[in-house]
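The values are calculated or read from the model by the stated rules, or taken from the named source; none is laboratory data. The shown structure was predicted, so the numbers you read here are calculated from the model rather than taken from an experiment. Here the Cβ positions follow ideal geometry from the backbone for every residue, glycine too, while neighbour counts run over all protein chains shown. Keep in mind that these areas ignore ligands, DNA and RNA; they rest on the heavy atoms of the full protein, side chains included. Shrake-Rupley method; radii C 1.70, N 1.55, O 1.52, S 1.80 Å.
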Amino acid sequence: MFERFTKDARAVVTGAVEHAERGGAQTVDAEHMLLALLDREGSRASFALAALGGGQWLESVRRALGEARRRGGLSQAEAEALAGLGIDVGEIVARVEEVHGVGAMAGDRKDKGWWSGRRSFSRGAKDVLERALRIAVARRDRHIGDEHILLALASRPGVPAEVLADHGVTYESVTRVLYGGGEAKAG
């Protein structure tokens, strides 16, 4: 599959691994892929993000991803659902961090030297790559670009899609910018 990836799409995958390494994460997650996409310049995905106002909210997206990681990967919607059951995720995070330190629920290791070898991709990250392939095939594109990864992230339930949607970036809005019209949701 990776032989069909464009240079920009490969850069996103490589960047996701680098984000995971810098954060001390054991696996590369979908959130790392989104962070790597936000780093890109001069690509189709960066064009789409800029057209949707990305220059104004990129740092806000990075902060929102960090907050979700602090909550142990729970999306804001999941935290609100738990609040409806009387479970205050913010209070749980505060108590855990009080005992174990800030970021304890993120699952990242503070000791950066603990890992040797390659980081594996989480089920969520693999799902993003598979969706990107399906989206490219459905569009009859010959290659998988970073725009297909962005569309996959926006179409898959979870923290990246929620954070993007909070900033006006949805599968439909990206499709409109890239292809000039709406279409059925892939995946």
*So, in region 18-65, of the ones that are of a type in the set (Asp, Glu) and within 24 Å of Arg123 (Cα to Cα), which residue ends up farthest from the chain's Cα centre (by Cα)?*
Glu21
_Please go through region 73-109 and give me each residue that is modelled with pLDDT under 70 and assigned to a loop (DSSP other than H, G, I, E, B), ordered by number._
Gly73, Leu74, Ser75, Asp88, Gly101, Val102, Gly103, Gly107, Asp108, Arg109
*All but one of (1) in a helix (DSSP H, G or I); (2) within 17 Å of the chain's Cα centre (by Cα); (3) at pLDDT below 95 hold for Glu147; which doesn't?*
(3)
_over 19 Å from Ala36 (Cα atoms) and modelled with pLDDT under 70: is that true of Ser116 in this structure?_
yes
*Quick one: what pairs do we get from region 31-43, first residue over 18 Å from Ala68 (Cα atoms) and without any contact (Cβ under 8 Å) to a residue 60 or more places away in the chain, second outside any loop (DSSP other than H, G, I, E, B) and of a type in the set (Phe, Trp, Tyr), C-beta under 8 Å, 6+ apart or different chains?*
none
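Just to be sure, is Ala51 touching a helix residue (DSSP H, G or I) at 6+ places or on another chain (Cβ under 7 Å), closer than 12 Å to Val169 by Cβ and open to solvent by 40 Å² or more (accessible area, probe 1.4 Å)?
The answer is yes for Ala51.
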*Output the number of the condition that Leu52 fails; it satisfies all remaining conditions of (1) in contact with a Leu (Cβ under 6 Å, 6 or more places away or on another chain); (2) within 17 Å of His167 (Cα to Cα).*
(1)
